[in-house]
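Reading through the structure tokens given below for one structure.
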Amino acid sequence: MGDFVTNLVYNHLMTTVTRIAPSPTGNLHLGTVRTALYNVLFSKNKNGKFFFRLEDTDRERSKKEFEEEIIAGFKWLGIAWDTPEAIDHENGMVRQSTRNSRHQEIINLLLDKKIAYKCHATTDELEELRKSQRAAKQPEGYDNRGRNYSQEQISAFEAENRKYVVRLNIGLDRDIKWDDLVRGSMSINTKDLGGDPIIQKFNGQVLYNFAVVADDNDMKVTHVIRGEDHLTNTAKQIAICEACSFNIPEFGHLPLIFTKDKQKLSKRKHGDIAGVDKYKNEGYLPEALVNYLVATSYTDQVDSQREIYSLSEAFASFDHKGISKSPAIYDIQKLNWFNREYIAKLSAQEVLDACLKYLSFDLNSKFSQDQIALLIEAVRGNLDKFSDIDNEVNYFFERITIPENLQKFVDEGQDLLKNLVSNIKSDKYDFNNASALKEEINKIGEEMSLSGKKLFFPIRIALSSRSGGPDLGVIMNLLGKTETLARLDNSIK
Ligand code: GLU
């Protein structure tokens, strides 16, 4: 079954199965989500299955809170997984730590067949080895000494109850090759893998590369798509697959996500921006984040200009050839652009409901229902995310101070402001009608031969202390006659 062509044929006949296999040793990273998305798209495009496996075998670093956050993050993003049939699971999720006895069964088999062996080398002994390799300027790694233990040596180690690890014999100097879905033809020589890999530690814990192979096999995974930081793992995993006579899945390695200053996006270096929670908490739409993450490394193969698509819209035309090999660049402006596009599709009520979760001001205390609708409609286009809402409406609720850089517009517009005040005082305006108010402003503009910035800036700044925002008629309607007059009066010298 190790033969490449046999594998191709075999994979072709089987249902396409992909998976995401996060370790609960940290927050849900954007890169993990993006990997999951390409796996979903790849399998669903082929009417296949997408599974979820929690790789929680690292007992020290795995945490329940990370596990919960990862699952909640996927749910929020609308990334659902199928239920595997051939393997135990919890609500569809395979938990790696429950598979100890199966892992042990395979390891025993490999030991029986002498494909794996026990290595009793002590930590000191291996440290010595590394020191001599360093001194001789050779690459560091295990020298496969355990392959050659004699039966007497092994008996002696066992008699003294010496601890051992289990290593897999990956053969002599040979190239491990695969045709990568993203990167094309790949080849890594076994001598560059640091010696026979450990598959089980002194304490009995099975190691990542082995557990992945065993689980992918039992879950009938046909395609492994993951970050390119796993390239050498892939070579080891192919060797393990061969040793176990398992079907070798196809592999695709995605470029990692970098920041603009060319650093790998990480929680340690970049804090919250690397994790999903920040976006969830700040009121980004999950559909927008999903679309953004897919688009970071993917060009639609049918319409290269198409940028906005839902996950299910993307299934239909998904083609892994559209995945880029170049690093993905984290770009918050681009994410904000996507989010605005998705906010624009929502109904007024949906935007209002979403904003209410973030508002620290009580809209009902000041505005009628019609006014609230008017306000939300007027500001929704300025929101990058729903948590921006306070900043868009605070001047209706708080005293304003005109910033120094804008004061000159107010100073230059004194005649205009006085004119407006006298019109308002003479009760000419209907404050309940935002569009009529807007008309009145235009009329003053015509009378005084003012337009553009000269007309709108002094009034807008006097009323809201800023140079952008909703239509002036809307602002005056929402402030009401008394407050509008008070603010205009304040700005007149
Ligand atoms: N638990 C591994 C990780 O989170 C899975 C890698 C893989 O997809 O095989 O990096």
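The values are calculated or read from the model by the stated rules, or taken from the named source; none is laboratory data. Model, not experiment: these values are computed from the prediction. Using ideal geometry, Cβ is built from the backbone for each residue, glycine included, and neighbour counts are taken over all protein chains shown.
Yes or no: ARG167 among the charged types (D, E, K, R), assigned to a helix (DSSP H, G or I), buried (at least 16 other Cβ atoms within 10 Å of the Cβ) and in contact with a helix residue (DSSP H, G or I) (Cβ under 7 Å, 6 or more places away or on another chain)? For ARG167, the condition - among the charged types (D, E, K, R), assigned to a helix (DSSP H, G or I), buried (at least 16 other Cβ atoms within 10 Å of the Cβ) and in contact with a helix residue (DSSP H, G or I) (Cβ under 7 Å, 6 or more places away or on another chain) - is not met.
Scanning the stretch 426-438 for residues that are surrounded by 12 or more Cβ atoms within 10 Å (Cβ to Cβ), out of contact with any Lys or Arg (no Cβ under 7 Å at 6 or more places or on another chain) and not small (Gly, Ala, Ser) gives TYR429, ASP430, ASN432, ASN433, LEU437, LYS438. Of the helices (runs of 4 or more DSSP H) lying entirely inside the stretch 221-315, those carrying at least 1 residues that are touching a Leu at 6+ places or on another chain (Cβ under 7 Å) are 231-244, 276-281, 286-296. Across the stretch 391-418, the number of residues qualifying as closer than 24 Å to LEU359 by Cα and charged (D, E, K, R) comes to 3. Contact map, the stretch 421-433: residues that are acidic (Asp, Glu) paired with residues that are surrounded by fewer than 16 Cβ atoms within 10 Å (Cβ to Cβ), Cβ distance under 6 Å, separation 6+ or inter-chain. Pairs shown: ASP430/ALA436. When the stretch 208-233 is filtered for residues that are free of Cβ contacts under 8 Å to residues at least 60 places away in the same chain and farther than 14 Å from ALA21 by Cβ, the ones remaining, listed by number, are GLU228, LEU231, THR232.
Only helices (runs of 4 or more DSSP H) whose full extent lies in the stretch 377-493 are considered here, and the ones with at least 3 residues that are small (Gly, Ala, Ser) and more than 41 Å from the chain's Cα centre (by Cα) are 434-448, 472-491. State yes or no: is TRP76 modelled with pLDDT of 95 or more, within 15 Å of the ligand (Cβ to nearest atom) and aromatic (Phe, Trp, Tyr)? Judged against the criteria, TRP76 is not a match. Scanning the stretch 10-65 for residues that are farther than 23 Å from GLY271 by Cβ, within 12 Å of the ligand (Cβ to nearest atom) and of a type in the set (Gly, Ala, Ser) yields a single hit, ALA21. Answer yes if at least one residue in the stretch 145-157 is touching a helix residue (DSSP H, G or I) at 6+ places or on another chain (Cβ under 8 Å), surrounded by 13 or more Cβ atoms within 10 Å (Cβ to Cβ) and in contact (Cβ under 8 Å) with a residue 40 or more places away in the chain, and no otherwise. No, because not a single residue in the stretch 145-157 is touching a helix residue (DSSP H, G or I) at 6+ places or on another chain (Cβ under 8 Å), surrounded by 13 or more Cβ atoms within 10 Å (Cβ to Cβ) and in contact (Cβ under 8 Å) with a residue 40 or more places away in the chain. Within the stretch 299-336, being under 19 Å from LYS262 (Cα atoms) and either in contact with a Phe, Trp or Tyr (Cβ under 8 Å, 6 or more places away or on another chain) or of a type in the set (Ser, Thr, Tyr) (or both) holds for SER324, SER326, PRO327, ALA328, ILE329, TYR330, LYS334, LEU335. Counting only helices (runs of 4 or more DSSP H) wholly contained in the stretch 53-164, the ones carrying 3 or more residues that are in contact with a Gly (Cβ under 9 Å, 6 or more places away or on another chain) and closer than 22 Å to ARG34 by Cα occupy 64-77.
Select from the stretch 288-319 the residues that are small (Gly, Ala, Ser) and crowded, with 17+ Cβ neighbours inside 10 Å and write down the one among them that is farthest from LYS278 (Cα to Cα). Here the residue is ALA314.
I need the full set of residues from the stretch 234-258 which are surrounded by fewer than 18 Cβ atoms within 10 Å (Cβ to Cβ) and more than 19 Å from ILE106 (Cα to Cα), in order please. Listed by number, the residues that qualify are LEU256, PHE258. Look at GLY480 and say whether it is under 22 Å from ASP370 (Cα atoms) and either among the β-branched types (Val, Ile, Thr) or touching a residue at least 40 places away in the same chain (Cβ under 8 Å) (or both). When the stated conditions are applied, GLY480 passes them. Please pick out the residue among LYS264, LYS220, LYS191 that is more than 13 Å from the ligand (Cβ to nearest atom) and at pLDDT below 95. Exactly one of LYS264, LYS220, LYS191 is more than 13 Å from the ligand (Cβ to nearest atom) and at pLDDT below 95, namely LYS191.
Residue-wise test of (1) on the phi > 0 side of the Ramachandran plot; (2) within 16 Å of the ligand (Cβ to nearest atom); (3) not hydroxyl-bearing (Ser, Thr, Tyr).
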| position | (1), (2), (3) |
| --- | --- |
| GLY195 | yes, no, yes |
| GLN200 | no, no, yes |
| ASP229 | no, yes, yes |
| THR234 | no, yes, no |
| GLU242 | no, no, yes |
| HIS253 | no, yes, yes |
